[in-house]
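The structure appears right after this line, and notes come after that.
The values are calculated or read from the model by the stated rules, or taken from the named source; none is laboratory data. Keep in mind it's a predicted model, so treat the numbers as computed, not measured. Glycine also receives a Cβ, built like all others from the backbone with ideal geometry; neighbour counts cover every protein chain displayed.
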Amino acid sequence: MNGTSRPPNVAIVGRPNVGKSALFNRLIGRKIAIVHDQPGITRDRISAICARGAPFVIWDTGGVLGAGESELATIVRRTVEQAIKESDVLLFLVDAKEGLSPLDQELARMLRTARKPVVLVINKIDREKHEDLAADFATLGFSRSQSVSAEHNRGITELLKTIDQVLPLPAAERDIKHQTSNIKAPLAIAIVGRPNVGKSSLINSIVQSERAIVSKLPGTTRDAIDISYRRDGREFLFIDTAGIRRRGKRSSSVEVFSVMRAERSIRRADLCILIVDVTAGITAQDKRIAGLTQRERKAAIIVLNKWDLIRLRRNQKQTVSQLAAETRARIFFLGYASALVASALTGEHVEKLFGLIEKIRRGARRRIGTGILNRLLRQAFEANPPPLVKGRRLKLFYAAQTRGRPDRDLQPPEFVLFVNDPQLLTETYRRYLEARIRKLEPYPGLPIILSLRAREPSHTRSA
């Protein structure tokens, strides 16, 4: 397999509350999907790379419900059907303790028509004495089966071996574990915002599929959903996060977990796209989410969504540029963020998003020479000396721009300043120095990181 080949897809399917999310977390070795005893917690398809052997993309799907399902459950069923269609291997998960159900039999018929390799995974075989419970599922007629306990890590190694045997590529081509160090990680982009501002709709508009469930019900996305996407030879990983509500309006423990996942998604992203409902304007909660992005020093784009509604209501009196300028003024502390007015529903201006991403990527590769940087900062200090702090003033001895990690191509520019005392730098003066640097190199969409170090004898140089 070459560096541009995609790993095969493996989907976990089953009725609600059989342990799909627990198995998903167990296979990838970390907790991404929310595990809770309330049925139907996973409503979207969640994906991650499982690299415990031959790598593959593992998909966790929403639980399939039977007759009498709600509109949202119908969407879940359609999402599962799409996952089956796009997968190379299917893991049919059943609950040994509850036994064989009519819905299991219905699902078995659906999976057989898919004409894909199916592994029957009998979950909740927590102890050896539970092994006899697996016999109940023999009537389903699947030739490959494995008893496991996702909660207690029982039978997982054997399951991975079974999956490896049915993956579609020869083992010699699939064994790329030792090549991964030479492959650049995909650009991780977290889609963040308040509930119901159009995060999932934007991702669906980008990838032109229904991988993320779109519903008018606020809070539909409860997990952080990783969606792989390839465009013009570049790999992207979109992270569709749960809507972040104010702390006083989190209705359940599941929602608290969702907010924690959204905040964690911001931390693991290279770039954050903050979706704002342009019909509602900038709210206090939008500012809080922008603050999380700024605190984590992430590249950022603000998408003013639902432009189609504004355009009709205001008869185009308010221009795109005016909206972008007003947004930057309201979220001034995230002033470096690029802004885009778009409609996820109609797709208007969504294509421009990739132009902004590429502009940010190019900016991240720009470096300021050490000599030029030191002259620039020296002039800044002379034109506007730092304020006195407890009778002392910040002094700059030397500065240099750091080199980024070779496996990532979108990192904020970081400048190391050797000074007499880092605690003498005020926040106002930090912003002043950042502004002077941006006059020379704008770094659109990127925060500028100033790291101060106290002068040591071996580092002393003349600026």
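Whether any residue in the stretch 82-100 is more than 22 Å from Asn25 (Cα to Cα) and in contact with a strand residue (DSSP E or B) (Cβ under 8 Å, 6 or more places away or on another chain) is what I want to check.
Yes, that holds for at least one residue.
Yes or no, residue by residue, for (1) modelled with pLDDT under 95; (2) in the same structural domain as Ala300 (by TED's automatic domain parsing); (3) within 23 Å of the chain's Cα centre (by Cα); (4) among the acidic types (Asp, Glu):
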position	(1), (2), (3), (4)
Ala337	yes, yes, yes, no
Leu340	yes, yes, yes, no
Ala344	yes, yes, yes, no
Leu353	yes, yes, yes, no
Gln401	yes, no, no, no
Asp407	yes, no, yes, yes
Gln411	yes, no, yes, no
Glu427	yes, no, no, yes
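Scan the stretch 99-145 residue by residue and report those that are more than 17 Å from Val13 (Cβ to Cβ) and surrounded by 15 or more Cβ atoms within 10 Å (Cβ to Cβ).
Those that are more than 17 Å from Val13 (Cβ to Cβ) and surrounded by 15 or more Cβ atoms within 10 Å (Cβ to Cβ): Ile125, Asp126, His130, Leu133, Ala134, Asp136.
Mind checking which residues of the stretch 93-111 are of a type outside the set (Gly, Ala, Ser) and more than 33 Å from the chain's Cα centre (by Cα)?
Lys97, Glu98, Leu100, Pro102, Gln105, Glu106, Arg109
Of (1) out of contact with any helix residue (DSSP H, G or I) (no Cβ under 6 Å at 6 or more places or on another chain); (2) at pLDDT below 85, Lys306 satisfies all except one. Which?
(2)
Can you find a residue in the stretch 377-397 that is within 30 Å of Ala190 (Cα to Cα) and not aliphatic (A, V, I, L, M)?
No, that holds for no residue.
Which of the residues belonging to the stretch 439-450 are touching a residue at least 12 places away in the same chain (Cβ under 8 Å) and in a helix (DSSP H, G or I)?
Scanning the stretch 439-450 gives a single hit, Leu440.
If you scan the stretch 334-353, which residues turn out to be among the hydrophobic types (A, V, I, L, M, F, W, C) and in contact with a His (Cβ under 9 Å, 6 or more places away or on another chain)?
Passing the criteria: Leu340, Val341, Ala342.
Could you list, ordered by first residue, the pairs with Cβ atoms under 8 Å in which the first is in the stretch 88-107 and assigned by TED's automatic domain parsing to the domain that holds Leu159 and under 23 Å from Gln165 (Cβ atoms) and the second is at pLDDT 90 or above and among the basic types (Lys, Arg), at least 6 apart or interchain?
Listed by first residue and then by second, the contacts come to Ala96/Lys124.
Listed here are the residues, each with its yes/no results for (1) closer than 13 Å to Trp59 by Cα; (2) at pLDDT below 70; (3) buried (at least 18 other Cβ atoms within 10 Å of the Cβ); (4) out of contact with any Asp or Glu (no Cβ under 7 Å at 6 or more places or on another chain).
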position: Asn2; (1), (2), (3), (4): no, yes, no, yes
position: Pro7; (1), (2), (3), (4): yes, no, yes, yes
position: Ala11; (1), (2), (3), (4): yes, no, yes, yes
position: Val18; (1), (2), (3), (4): no, no, yes, no
position: Lys31; (1), (2), (3), (4): no, yes, no, yes
position: Asp37; (1), (2), (3), (4): no, yes, no, yes
position: Gly40; (1), (2), (3), (4): no, yes, no, yes
position: Arg43; (1), (2), (3), (4): yes, yes, yes, yes
position: Ser47; (1), (2), (3), (4): yes, no, yes, no
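Just one of Val192, Val214, Val166 is β-branched (Val, Ile, Thr), at pLDDT 80 or above and over 24 Å from Leu23 (Cα atoms); which is it?
Just one listed residue meets the conditions, Val192.
On the basis of being over 22 Å from Pro8 (Cα atoms), among the hydrophobic types (A, V, I, L, M, F, W, C), touching a Leu at 6+ places or on another chain (Cβ under 8 Å) and at pLDDT 90 or above, does Val94 make the cut?
Against the criterion (over 22 Å from Pro8 (Cα atoms), among the hydrophobic types (A, V, I, L, M, F, W, C), touching a Leu at 6+ places or on another chain (Cβ under 8 Å) and at pLDDT 90 or above), Val94 qualifies.
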